[in-house]
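Written below as structure tokens is the structure these notes are about.
The values are calculated or read from the model by the stated rules, or taken from the named source; none is laboratory data. Keep in mind that this is a model prediction, so the values were computed, not measured. All Cβ positions, even for glycine, are placed from backbone atoms using ideal geometry, and neighbour counts span all protein chains on display.
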Amino acid sequence: MKTKDLYKILGVDRGASQEEIRRAYRKLARRYHPDANPGDKEAEERFKEIQHAYEVLSNPEKRREYDEGPRTFFGGGRPGGGFGAGGFSDLSDLFEGFGGLGDIFGRAGRRETGPRRGEDVTVSVSLRFSDALEGVTTRVSVPVEAVCEPCRGTGAAPGTAPRRCPQCEGRGMRSRDQGLFAFSEPCPACGGRGVVIDRPCSACGGGGRVRTNRRVTVRIPPGARDGMKIRVPGRGSAGRDGGPPGDLYVVTRVEEHPVFKRRGDDFVVEVPVSFVEAALGAEIDVPRPEGGRLRLRLPAGTQEGRQFRVRGAGAPKARSRGGERGDLIVRVHVVVPRKLRRREREILEAFAEERGEDVREELFKKVESWT
Ligand SMILES: [Zn+2]
Ligand SMILES: [Zn+2]
């Protein structure tokens, strides 16, 4: 079991000077910094502990409070506590880990955090191209920690309530003299929780929250892009100790279209045109992302790769309220016939004779002028 004594976390003794605390913190923070340990969850946890320990111990006021042990839990509870009468505002901390899952010792030093917000939860949703374009209401399954219904989050079996620990009178800590020093340590009777639960709620094992899959209806706005993050406030995990719930983030995964490629709010489509259309100019049909066609006027002498911008025919701008849309960018691809019939060949030969041009003349002129 990890020790959560703030002094031990920083590896200093209780009498350490502010300077010693600062030095210890800097050394450890460098070692466990997430940047130095990418992807290492344990290092990250460690780093958080170190930060927290330093936050408390580097502040003389907070340090004194910590040394003296936690405030009592009954009476004088912070306003806004979620469990109603009696100021049960610190219960979440106490119940976390109840049932042997987590670290129940030494949480006392963190009680000043009060009610804690639930975790944010991120899920991804796969969308068909047309749904992403037009917008859709969909249901997603979200794995969350929800408030345990039978105990309403208290962790105590229905019909019972947590009661104040008689040993520590709710402080969660006790002092012990050892030689010259007095140590504060978690109350062994309640494991530092300050309360005892005579009969833990069987549904949550005393934790007050249960893991469940919640079905959440999510509105995907028109024009959703692949990788877009949609925030659904308050639909993450339940808070602890009456804290607010976390948020849900829905990340969109949009299926790729074989023809329309997204570029910002624009779509790019490559449209084949015959070499005759390119030379003579033409009115051509172009497909639209949402289906149907639109007419595009191709000027005579259109070159390969030329792009035409059709304003407002792209994707709806997902964050706009005015129904603005991006553009459709039509990229011309000039198609040259692979095979010619006899008559076609004759016509083209006649054309070449009439034209009589050398299309590479300019190229050679350029090269020569450079040598
Ligand atoms: Zn106790
Ligand atoms: Zn329960």
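Of Ala318, Ala313, which residue is touching a residue at least 24 places away in the same chain (Cβ under 8 Å), among the hydrophobic types (A, V, I, L, M, F, W, C) and in contact with a Pro (Cβ under 6 Å, 6 or more places away or on another chain)? Write out each step before concluding.
Details: Ala313 fails: in contact with a Pro (Cβ under 6 Å, 6 or more places away or on another chain).
The unique qualifying residue is Ala318.
Among the residues of region 294-309, are any closer than 24 Å to Arg128 by Cβ and touching a Phe, Trp or Tyr at 6+ places or on another chain (Cβ under 6 Å)?
Narrowing region 294-309 to residues closer than 24 Å to Arg128 by Cβ: 294.
So of that shortlist, the ones also touching a Phe, Trp or Tyr at 6+ places or on another chain (Cβ under 6 Å) come out as none.
So far as region 294-309 goes, no, none of its residues is closer than 24 Å to Arg128 by Cβ and touching a Phe, Trp or Tyr at 6+ places or on another chain (Cβ under 6 Å).
Could you list all residues from region 151-173 that are within 15 Å of ligand 1 (Cβ to nearest atom) and free of Cβ contacts under 8 Å to residues at least 40 places away in the same chain?
Taking region 151-173 first, the residues within 15 Å of ligand 1 (Cβ to nearest atom) are 162-173.
Within region 151-173, Arg163, Cys165, Pro166, Gln167, Cys168 qualify.
Out of all the residues in region 76-93, is one or more among the aromatic types (Phe, Trp, Tyr), touching a strand residue (DSSP E or B) at 6+ places or on another chain (Cβ under 7 Å), crowded, with 21+ Cβ neighbours inside 10 Å and at pLDDT below 50?
Of the residues in region 76-93, the ones among the aromatic types (Phe, Trp, Tyr) are 83, 88.
Those still in the list that are touching a strand residue (DSSP E or B) at 6+ places or on another chain (Cβ under 7 Å) too: none.
Within region 76-93 (the criterion being among the aromatic types (Phe, Trp, Tyr), touching a strand residue (DSSP E or B) at 6+ places or on another chain (Cβ under 7 Å), crowded, with 21+ Cβ neighbours inside 10 Å and at pLDDT below 50), the answer is no, since none of the residues qualifies.
Any residue at all in region 19-31 that is at pLDDT 85 or above and within 24 Å of Gly191 (Cβ to Cβ)?
For region 19-31, residues at pLDDT 85 or above and within 24 Å of Gly191 (Cβ to Cβ): absent.
Step by step: first the residues of region 37-50, then only those that are touching a helix residue (DSSP H, G or I) at 6+ places or on another chain (Cβ under 7 Å) and not aromatic (Phe, Trp, Tyr), then the one that is modelled with the lowest pLDDT. Which residue is that?
Of region 37-50, the ones touching a helix residue (DSSP H, G or I) at 6+ places or on another chain (Cβ under 7 Å) are 37, 43, 46-47, 49-50.
Subset that is not aromatic (Phe, Trp, Tyr): 37, 43, 46, 49-50.
Values: Asn37: 79, Ala43: 85, Arg46: 87, Glu49: 87, Ile50: 88.
Here the residue is Asn37.
Within region 219-233, work out how many residues are more than 13 Å from the chain's Cα centre (by Cα) and either charged (D, E, K, R) or at pLDDT 95 or above (or both). Even if it seems obvious, please write down each step before you answer.
Here is the first cut: in region 219-233, the residues more than 13 Å from the chain's Cα centre (by Cα) are 219-226.
Then drop every residue that is not either charged (D, E, K, R) or at pLDDT 95 or above (or both), which leaves 219, 225-226.
Counting residues in region 219-233 that are more than 13 Å from the chain's Cα centre (by Cα) and either charged (D, E, K, R) or at pLDDT 95 or above (or both) gives 3.
Please return the ranges of strands (runs of 3 or more DSSP E) entirely within region 222-322 where 1 or more residues are among the polar types (S, T, N, Q). So that I can check it myself, show each step before the final result.
Values: elements: 229-232, 248-254, 261-263, 266-274, 282-287, 293-298, 307-310.
Qualifying strands (runs of 3 or more DSSP E): 248-254, 266-274, 307-310.
Among the residues of region 158-172, is there at least one that is closer than 30 Å to Lys229 by Cα, within 16 Å of ligand 2 (Cβ to nearest atom), surrounded by 14 or more Cβ atoms within 10 Å (Cβ to Cβ) and not hydroxyl-bearing (Ser, Thr, Tyr)?
Residues of region 158-172 that are closer than 30 Å to Lys229 by Cα, as a first pass: none.
Checking region 158-172: not a single residue is closer than 30 Å to Lys229 by Cα, within 16 Å of ligand 2 (Cβ to nearest atom), surrounded by 14 or more Cβ atoms within 10 Å (Cβ to Cβ) and not hydroxyl-bearing (Ser, Thr, Tyr).
Can you name the residue in region 327-346 that is surrounded by 11 or more Cβ atoms within 10 Å (Cβ to Cβ) and without any contact (Cβ under 8 Å) to a residue 24 or more places away in the chain and, of all such residues, is nearest to the chain's Cα centre (by Cα)? Break it down stepwise before answering.
Taking region 327-346 and keeping what is surrounded by 11 or more Cβ atoms within 10 Å (Cβ to Cβ), we get 327-335, 337, 340, 344-346.
From the residues that got through so far, the ones that are without any contact (Cβ under 8 Å) to a residue 24 or more places away in the chain too are 340, 344-346.
Numbers: Leu340: 58, Glu344: 61, Arg345: 62, Glu346: 65 Å.
By that ranking, first place goes to Leu340.
Looking at Phe267, Phe275, Phe183, which one is among the aromatic types (Phe, Trp, Tyr), more than 16 Å from ligand 2 (Cβ to nearest atom) and within 30 Å of Leu348 (Cα to Cα)?
Phe275
When you check Thr212 against the structure, is it over 27 Å from Gly312 (Cα atoms), assigned by TED's automatic domain parsing to the domain that holds Leu127 and among the β-branched types (Val, Ile, Thr), yes or no?
On the way: over 27 Å from Gly312 (Cα atoms): yes; assigned by TED's automatic domain parsing to the domain that holds Leu127: yes; among the β-branched types (Val, Ile, Thr): yes.
Yes, satisfied.
Look through Gly205, Gly192, Gly223 and report the one residue that is of a type outside the set (A, V, I, L, M) and within 16 Å of ligand 1 (Cβ to nearest atom).
Numbers: Gly205 fails: within 16 Å of ligand 1 (Cβ to nearest atom); Gly223 fails: within 16 Å of ligand 1 (Cβ to nearest atom).
After ruling out the rest, the residue left standing is Gly192.
Got a sec? Which of Gly227, Gly236, Gly205, Gly191 is within 16 Å of ligand 2 (Cβ to nearest atom) and not hydroxyl-bearing (Ser, Thr, Tyr)? Quick ask: steps written out before the conclusion?
Numbers: Gly227 fails: within 16 Å of ligand 2 (Cβ to nearest atom); Gly236 fails: within 16 Å of ligand 2 (Cβ to nearest atom); Gly191 fails: within 16 Å of ligand 2 (Cβ to nearest atom).
From the options Gly227, Gly236, Gly205, Gly191, the qualifying one is Gly205.
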